[in-house]
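Everything on this sheet refers to the single structure shown next.
No value in this document is a laboratory result; all are computed from the given coordinates. The structure presented is a predicted model; accordingly, all values stated were derived computationally and were not measured. All Cβ positions, glycine included, derive from the backbone under ideal geometry; neighbour counts span all protein chains shown.
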Amino acid sequence: MPCHRFDLPSSRRDFLQSAGCGFGAVALAALMGDQAQASAAQLPQRIARAKSVIFLFMEGGPSHLDTFDYKPLLNKLAGQTLPASFKPPITAMGESGSPLLECKRTWKQRGKSGLWISDWFENVATHADDLAVIHSCASSGINHAGGVCSMNTGSVFGGRPSLGAWASYGLGTENKNLPGFVVIKDSEATVVNGVRNWGNGFMPAVYQGVEFNSDGVPIKYLDNPKGVDRKRQRDKLDLLASLNEHYGATRQDNTELDARIQGYELAYQMQAEAPEAVDLSKETEATKKLYGMDQEATAVYGRNCLLARRLVENGVRFVQLYSGAGSKWDSHKGIEVNHSRLCNAVDKPIAGLLADLKARGMLDETLVIWGGEFGRTPMSEQGDGRDHNPTGFTMWMAGGGVKGGRTYGATDDLGLYAIEDRLHVHDLHSTILYLLGLDHTRLTYNHKGRPERIDQNEGNAYTKLLEA
């Protein structure tokens, strides 16, 4: 029996060059692009309820001690130094000899579940029974650069793929006419580390996040220049694609070029669908009011939250909304003034987002995450502020199949260290992927001969979030 040898193509270009008359398969590949993208990650996927993520990122480090982690002992010992029974924190978190700073917030048990939530989040508190509050988060990032980078990429050093990039790589997109990963800030200020927080790292550039504008028109230049019709633009893109394909034929390792080609095509496709997806004028006044768009203090983040809902509704896989871009949640001094303003700006919009998702039947399929790069210390700084605390802080999740109305893990009685079910950033990332149906141990990307993972081989999915 003759032995046939088949040389498998090593790249898309190699395939097109050697396919001969098999160009019918190209059309099939286009129709099955999403499945092909997911299969590239070699995933046998578990069935999951979460299909998309909205990550509400409070940049600068919100204080868990004044929002979601109630510590009565803190006020009893306010003004005293940290008791000897507590291990002194690492130096970069402030001096252990600083007096403990009282929490001036009013706390109540909320919902049927009785979750403790402060008056800084009165509106979010109405959704207490939907919140899975994780009190035992921890990070390796001590300062903002390391902390934000760690929470976004799993490493305190820039250069690794972001969480959104991993999600896009593992699941593909549900809408080829919109980006799979979108980032929106609440101002023009630069997030610490900049675009590396939503970068692709060593993965192909096509997986990086796409930044939308924080005000006005979310996506600029969607309309053609005057006098340029759609056919003329199509001809121009075809010519560019031809030139780029020719140039790239001998430079097949240049993923940036491939991403540029795909970027042109995505921009062309977005002209048809994106204007509809981001057109908030189609929303009712009641919906806009639900998000706080009728009030100056909440209008910006309300708009961003509503836009996030519309994006996931239209198939965007991962949306990240930054509050306090430029580390504005950082509160080394004047935490009452700082946090009062910022909490007021996001409380109603976030509550509106949860209510709207739930009313539309989307919350079960949308994982909403709230948190920052770390929390704040119980010890005071500059008299009326709190320092960074990466050793124990709070994040919460809602929707996406998690069991709400519960707390998970715990910090000590002063909220300094995670002491029960400690979840490092690696564990959080593994858990988020798990909730999306991705096995973090099998979602790998080979880089320099090594299979890389989001958790750098250190994370574990926290499945208690799904337990009845």
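Pairs exceeding a 26 Å alpha-carbon distance, out of 185/403; 108/348; 108/185; 289/333: 185/403; 108/185; 289/333. Once backbone amide H atoms are built at 1.01 Å from N, residue 380 has 100, 101 as its partners under 5 Å, excluding neighbours fewer than 5 places away on the same chain. Straight-line cross-link partners of residue 231 among the lysines, defined as a Cα under 23 Å from its Cα and at least 8 positions apart when in the same chain: 176, 220.
Close amide-amide hydrogen proximity is noted between residue 183 and 210, 211, 212, 320, each under 5 Å apart and 5 or more residues distant or on a separate chain (H modeled in the peptide plane; Pro and chain starts excluded). When each of the peptides 417-429, 188-200, 371-383 is scored by how many other beta carbons lie within 10 Å of its residues on average, the order from highest to lowest is 371-383, 417-429, 188-200.
Considering only the other residues whose Cβ falls under 13 Å of the Cβ of residue 283, what net charge follows from Lys and Arg at +1 and Asp and Glu at -1? Every neighbour counted, the sum reads +1. Backbone geometry of the stretch 450-457 corresponds, through the Karplus equation with coefficients 6.51, -1.76 and 1.60 at θ = phi - 60°, to 3J(HN,Hα) couplings of 10, x, 8, 10, 4, 8, 6, 6 Hz, x marking Gly and Pro. Taking Cα centroids, how far is the stretch 90-162 from the stretch 372-423 in Å? If you average the Cα positions of each part, the centres end up 4 Å apart. Over 24 Å between C-alpha atoms is what I'm after, so list which of 76/104; 76/464; 71/112 land there. With Cα atoms farther than 24 Å apart: 76/464. Annotation: amide H of residue 53 within the under-5 Å range of 318, 319, 367, sequence separation 5 or more or interchain, hydrogens built in the peptide plane. The 3J(HN,Hα) values that the Karplus relation (6.51, -1.76, 1.60; θ = phi - 60°) gives for the stretch 412-417 are, in residue order, 5, 5, 10, x, 8, 10 Hz. Gly and Pro appear as x. For the peptides 285-294, 339-348, the ranking by mean Cβ contacts within 10 Å, running from highest to lowest, is 339-348, 285-294.
Across the stretch 131-145, rounded Karplus estimates of 3J(HN,Hα) from the backbone phi angles (6.51 cos²θ - 1.76 cosθ + 1.60, θ = phi - 60°) give 8, 9, 8, 9, 8, 10, 6, 8, 9, 8, x, 8, 9, 5, 4 Hz, Gly and Pro being marked x.
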